[in-house]
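One structure is given here, and the rest of the page talks about it.
The values are calculated or read from the model by the stated rules, or taken from the named source; none is laboratory data. Here the structure is a predicted model, which is why all the values come from computation and not from measurement. For neighbour counting, all protein chains shown are included, and Cβ atoms are generated from backbone atoms with ideal geometry for every residue, glycine included. What goes into the accessible areas is simple: the full protein's heavy atoms, side chains included, and nothing from ligands, DNA or RNA. Shrake-Rupley method; radii C 1.70, N 1.55, O 1.52, S 1.80 Å.
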Amino acid sequence: MASRNPARPRSPHLFSGFLKLHYSWGPHMLVSILHRATGSGMATVGTLLLVWWLAAIAAGAEAYATFRDVFTTDAGNLNVLGWLVGVGMTYAFFTHMLNGVRHLVMDAGAAFELKRNKMFSLIVIAGGFVLTAAFWLYLGMK
């Protein structure tokens, strides 16, 4: 096998040494994936929940009580599944929204510098957690 010509560039997906990547993983890559995942998750889970809820309402009080019992306790508070779905959908919403603002800024031609892009990406990740916590704390106070 012939040796590699050092004058020719290597593709960024190739490995060097023991699985060493030629690019470094950054927060901007994570928020790009999160944007797609949160959008798909909200669309899929949200649509299924909406259709189930509407079908339960249309089917009558017993079907609606079954739907409600899946996510709440007898006292009317959220159970574990209700918390997971509620907090998960809320985090997905806020992260997707903040990432949409990030994309809007980038579409305007700003925040392409590496430092600013990484900072903006970290704000999206942290902001999703902060806004989700603030939302649920606000609901808890009511």
Only one of (1) in contact (Cβ under 8 Å) with a residue 12 or more places away in the chain; (2) among the hydrophobic types (A, V, I, L, M, F, W, C); (3) more than 17 Å from L30 (Cβ to Cβ) is not met by F129, so which one is it?
(3)
Residue list for the stretch 56-75, restricted to those being open to solvent by less than 60 Å² (accessible area, probe 1.4 Å), in a helix (DSSP H, G or I) and either closer than 23 Å to A92 by Cβ or among the β-branched types (V, I, T) (or both):
A56, F67, V70, F71
Taking L50 as the residue in question, decide whether it is in a helix (DSSP H, G or I) and closer than 26 Å to G128 by Cα.
yes
Any chance M89 is among the hydrophobic types (A, V, I, L, M, F, W, C) and without any contact (Cβ under 8 Å) to a residue 24 or more places away in the chain:
no
When every residue in the stretch 33-46 that is hydroxyl-bearing (S, T, Y) and open to solvent by 40 Å² or more (accessible area, probe 1.4 Å) is compared, the one farthest from V85 (Cα to Cα) is S40
Looking for whichever is surrounded by 13 or more Cβ atoms within 10 Å (Cβ to Cβ), at pLDDT 95 or above and at negative phi here; the options are L49, L30, L81. Which one fits?
L49
Determine whether F93 is in a helix (DSSP H, G or I) and in contact with a Phe, Trp or Tyr (Cβ under 8 Å, 6 or more places away or on another chain).
no
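Table: residues versus (1) touching a Leu at 6+ places or on another chain (Cβ under 7 Å); (2) at pLDDT 95 or above.
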position	(1), (2)
R8	no, no
W53	no, yes
T95	yes, yes
N99	yes, yes
K115	no, no
One residue from G109, G140 being under 30 Å from G26 (Cα atoms) and among the small types (G, A, S):
G109
If you check R116, R102, which single one turns out to be open to solvent by less than 50 Å² (accessible area, probe 1.4 Å), under 25 Å from G26 (Cβ atoms), assigned to a helix (DSSP H, G or I) and charged (D, E, K, R)?
R102
